[in-house]
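The values are calculated or read from the model by the stated rules, or taken from the named source; none is laboratory data. The model shown is predicted, which means the values in this text are computed figures rather than measured ones. Every residue, glycine among them, receives a Cβ derived from its backbone with ideal geometry; neighbour counts consider all protein chains shown. Each accessible area value is taken on the protein alone, full model and side chains, heavy atoms only, with ligands, DNA and RNA left out. Shrake-Rupley method; radii C 1.70, N 1.55, O 1.52, S 1.80 Å.
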Amino acid sequence: MDLESRTWTRLLCAEAGSEDIDILPNGLAFFSVGLKCPGLHSFAPDKPGGILMMDLKEENPRALELRISRGFNLASFNPHGISTFIDSDNTVYLFVVNHPEFKNTVEIFKFEEEENSLLHLKTIKHELLPSVNDIIAVGPAHFYATNDHYFSDPFLKYLETYLNLHWTNVIYYSPNEVKVVAEGFDSANGINISPDKKYIYVADMLAHEIHVLEKHPNMNLTQLKVLKLDTLVDNLSIDPSSGDILVGCHPNGQKLFVYDPNNPPSSEVLRIQNILSETPTVTTVYANNGSVLQGSSVASVYDRKLLIGTLYHRALYCQL
């Protein structure tokens, strides 16, 4: 469809960004907002992050902020990648990569729909999670996560990137076992799972690549193929109706990290069809020079409705 024939509506998270988005099968969409990282621009530097929700089944959906249970440190909440998991009893869990005071944790919440709230269940810290970026839940306390750096120290992170060490990895976490299941990435970023649960997709941002990894019964991963692109790939989401991969991309990384309001970072969303074939089809779903949308980091679709989130700018809602 022609991009110009789509109707875009700005969401409520215009001031804080919407780095990652995950949508439940019933149309409830979750947004992580307010991410702050050293060296990354922020339009709301003094406001803590939060989780927004939007019901895409509504005719004119609006985003609202979910309440989080007492006892959780809201003041230092700095959410990054998110993932939902629905248990066999229909309990919905929300996994959130969190950087309180620029540290690295994974928070597990139970979503309580009647109260529009999140009940905090657990904080996970581990030495194999030094620089967590994104997460895909595969059980009520089980997940794969990407580390976008090998080190947690800011100077060593810079040195690692400068020396192009390719030391970043994917971790599998369960209450009984934590292990490295894939490594050798330049900067492992977005992660997701195929609809049949057989493959894990990993975006290597700085290498401009998407890796297809086969998942084994012991949860280990082996690389199947690599798709090279000509843009920086961020978060990955799956179109539930087709299995296509939607990718939030950054055509110009320098503009992203050296922010200039007169020359802002552009946005790009790609759709990848048939990634397992020898010749996957890559098409542009959305592109903008930054005049409307700056720094697209994720795109998620539900019933011909498309949401595009950004690192620190507004989010867009589109009726396809």
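Here are the numbers for the structure shown:
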| read-out | value |
| --- | --- |
| Extreme residue, farthest from residue 114 (Cα to Cα), among residues of the stretch 61-88 that are among the hydroxyl-bearing types (Ser, Thr, Tyr) and in a strand (DSSP E or B) | 83 |
| Residue ranges of strands (runs of 3 or more DSSP E) in the stretch 227-320 with at least 2 members under 18 Å from residue 42 (Cα atoms) | 296-302, 305-310 |
| Hits in the stretch 3-29 (condition: in a loop (DSSP other than H, G, I, E, B), open to solvent by less than 70 Å² (accessible area, probe 1.4 Å), at negative phi and modelled with pLDDT of 95 or more) | 19, 24, 26 |
| Close pairs from the stretch 122-143: first within 15 Å of residue 99 (Cα to Cα), partner among the aromatic types (Phe, Trp, Tyr) and open to solvent by less than 30 Å² (accessible area, probe 1.4 Å), Cβ under 6 Å, at least 6 apart | 135/95; 135/143 |
| Checking residue 234 against (1) open to solvent by 30 Å² or more (accessible area, probe 1.4 Å); (2) charged (D, E, K, R); (3) touching a residue at least 40 places away in the same chain (Cβ under 8 Å), the condition it does not meet | (1) |
| Residues within the stretch 131-148 that are over 17 Å from residue 35 (Cα atoms) and either assigned to a loop (DSSP other than H, G, I, E, B) or of a type outside the set (Ser, Thr, Tyr) (or both), tallied | 9 |
| Residue in the stretch 91-103 that is open to solvent by 30 Å² or more (accessible area, probe 1.4 Å) and of a type in the set (Phe, Trp, Tyr) present | yes |
| Pair list, Cβ under 8 Å, 6 or more apart: the stretch 63-92 residue under 27 Å from residue 188 (Cα atoms), other residue modelled with pLDDT of 95 or more and among the basic types (Lys, Arg) | 92/110 |
| Selected residue (only one of 247, 258, 269 is free of Cβ contacts under 8 Å to residues at least 40 places away in the same chain, open to solvent by less than 40 Å² (accessible area, probe 1.4 Å) and either out of contact with any Phe, Trp or Tyr (no Cβ under 6 Å at 6 or more places or on another chain) or not hydroxyl-bearing (Ser, Thr, Tyr) (or both)) | 269 |
